[in-house]
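Before any comments, here is the structure.
Every number here is computed from the coordinates shown, using simple stated rules; none is lab data. Everything numeric in this text was worked out from a predicted model, so none of it was measured. Using ideal geometry, Cβ is built from the backbone for each residue, glycine included, and neighbour counts are taken over all protein chains shown.
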């Protein structure tokens, strides 16, 4: 059989097909034109979503990866196209989101000559990629892309960027087919599990009187939701989640005791400093979770399960570091631990929940004031969707409220920018989230600040007809910063008073239906109308201007110093 | 658990694949944390195709351990070790250029060479180049001795170090599957061929 001749550009697309990356988010430009030219003939096999800005493209790729569990694929051109990816790369890096980004680059012989639209994207993105590589010769493409997909999704996932010079895209070569990569000599995706650490962890758990499990996105990334549930159910332990761990365990699971950290729930925060064994699963002790480290869980023996050895002992010293994929390590722990009744310990959490409900949650979900609250909006969404929707959030007060109160039955239902806190994330991420889970309802909850950062992606919704429900919670402020200025800067409201356009009119200009709600009496119907609507819909809800998110662990305080008001 | 924050000199040894850009990936792990690298050497190792970095920093053990894990996390890094000075044998090489006129008239060159364990590596009518190897204090001593006689140029290499307890990397590499040969480094072969290529 004669060996097929392919161009480098065609080889890129063949790799995407072979890897099952049927949806690509991208934006064309000079240096990536050969790939787009090839794409013209691959229209039946690959779906390309034309975004309005490369940052929108990469956030869409992230949303896609989060709901689908596959690597998101993003195309961008050289120079500004590539630099516009940087925020998304940093976001994906810190939130361990698998991405393969392909950027065009100037001809290889022009590298280093300050050619038109040349930037050194390899060096720019080095700290925000798990791996990156510049291709200058087409023959490298099949092997390098196989490596890129393998690295993006294996071990602790992350973003990979492949920069391909224009000559390599054009160049024809003998294509010998695509071989997926499953081994790189210098790369250890999963550390070896050590039996003695499993035994030590089991012994600690079995002897614990007041154990607390805290879990993060590792459970979702490891596709270990079932293993995790078995683990906590057998041991009867309470489990609390980080913002990225949200939805790995159903909200109404009796052992789900709520959210950790700065705006988390009262019980899990206070009781972190009272438990005797703290079992951290696939989480990285972010400062927003731990508060003051020198007053964090000092009384507890810490067991830390992580696939990434560099996370163990990084922020919190582990007494037992269980290296490995939690999909493998959790069942080993489960088989060793004893079944226990821990209802008394769970009752302590319930008491804290009640206190928090009385002093904080009740008023947020069913306010007695005339002003609407973000919490009541989320409550009505819960009542309407029954917890079956994917909720994508932006960054700020609405994010904290949505994550605190949204109900989830299924995993991979919460998409948010956790580690980087990228405003402008939600709208494009929601587009991607929908493409990653076409059979699910996707609701983007966004503040009036964040929506204005990437509002251009309404154009992507218009052109693709993708069905995304956009809910803007408008408090006419950059609310989270305002809250801090109120609490810590004597109400000196410095540049947080942000004006908005008429969002419904903007949506209309893009051919998207919408409505604005200013009074409580219209809220429920408006949300029901939005969710019943066929196609995208924008709902703007005017909420109280100066509402604060509580509880709160003020910065520099211990988790046990959490304030209810 | 108490964290030891006392700083000490650590020598970090990193075995890596030979890849363009890896030096930068390793360097930014230090610069991101605002840690100064006091010496850095890259060279081949005992195994063909595998490179060896030798990096010296003044840091606490706790910080160095975290850095080691970040280095090992890099895809193309095979293994990283860290050692205190009593766990390694190390050398630095120094070159000194002095004017022949000055040095032959005023100093007994022969005595100088013996005293400091130096060699003359170039002797010309106009200048002489001496070389010593040793620890920093030793190479510094000769610099001090030559300063009064018009030391024209001085340069010292990075530290190279052998780990006393190490049995080399051959065994370890078997873990990493020696079946796989190291990949060829693909460099940019088009550079400087601007005229020959059509561009947009």
Over what distance in Å are the Cα centres of region A:351-371 and region A:397-439 separated?
-> 24 Å
Output ordering of A:96-105, B:28-37 (per-residue mean of other Cβ within 10 Å, highest first) is A:96-105, B:28-37
Express the relative contact order of chain A as a whole percentage, based on alpha carbon pairs under 8 Å and six or more residues apart in sequence.
-> 15 percent
Angle, helix A:141-153 long axis vs. longest principal axis of chain A, Cα atoms, 0 to 90°, nearest 10?
-> 0 degrees
To the nearest 10 degrees, how steeply does helix B:61-73 sit against the main Cα axis of chain B, on a 0 to 90 scale?
-> 60 degrees
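I need to check one value: relative contact order of chain B, counting alpha carbon pairs closer than 8 Å and at least 6 residues apart, in percent. Intermediate results must be reported in sequence, preceding the final value.
On the way: 310 pairs, mean separation 49.1, N = 200.
Relative contact order here is 25 percent.
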Find how many whole Å separate the alpha carbon centroid of region B:29-97 from the alpha carbon centroid of region A:188-252.
-> 35 Å
With a 10 Å radius around each residue's Cβ, average the other Cβ atoms per peptide and rank A:361-368, A:200-207, highest first.
-> A:200-207, A:361-368
Note to self: C-alpha centroids of region A:466-541 and region A:1-27 sit apart, in Å, by 41 Å
With Rg from the Cα atoms and Rh as the Kirkwood inverse mean 1/r over Cα pairs, the protein assembly as shown has an Rg/Rh of 1.03
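Inside 10 Å of the C-beta atoms of B:70-77, what's the mean count of C-beta atoms belonging to other chains?
Values: counts 2, 1, 4, 9, 4, 14, 5, 3.
Whole-number average of other-chain Cβ neighbours for B:70-77 is 5.
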Using Cα atoms only, what is the angle between the long axis of helix A:195-207 and the major principal axis of chain A, expressed in degrees (0 to 90) to the nearest 10?
-> 20 degrees
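Output the peptides A:233-242, A:27-36 sorted from most to least packed, where packing is the average of other Cβ atoms within 10 Å over each peptide's residues.
Numbers: A:233-242: 23.4, A:27-36: 21.4.
Top of the packing list down: A:233-242, A:27-36.
Just the C-alpha atoms of region A:382-479: what Rg/Rh do they give, with Rh taken as the Kirkwood radius? Intermediate values should be presented prior to the final figure.
Working: Rg = 12.5 Å, Rh = 13.3 Å.
Taking Rg over the Kirkwood Rh, I get 0.94.
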Mind checking B:26-33 for the average number of partner chain beta-carbons within 10 Å of each residue's beta-carbon?
-> 1
Shielding by partners for A:118-127, please: the mean number of other protein chain Cβ atoms within 10 Å of each residue's Cβ.
-> 2
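Restricting to chain A, what percent of DSSP beta bridges are antiparallel, rounded to 5? Write down the numbers at each step before the final one.
Details: 6 of 72 bridges.
Percent antiparallel among DSSP bridges in chain A is about 10.
Which value, in Å to one decimal place, does the Kirkwood hydrodynamic radius take for region A:195-349 when every pair of different Cα atoms is included?
Working: mean 1/r = 0.0670 Å⁻¹.
Result for region A:195-349, one decimal place: 14.9 Å.
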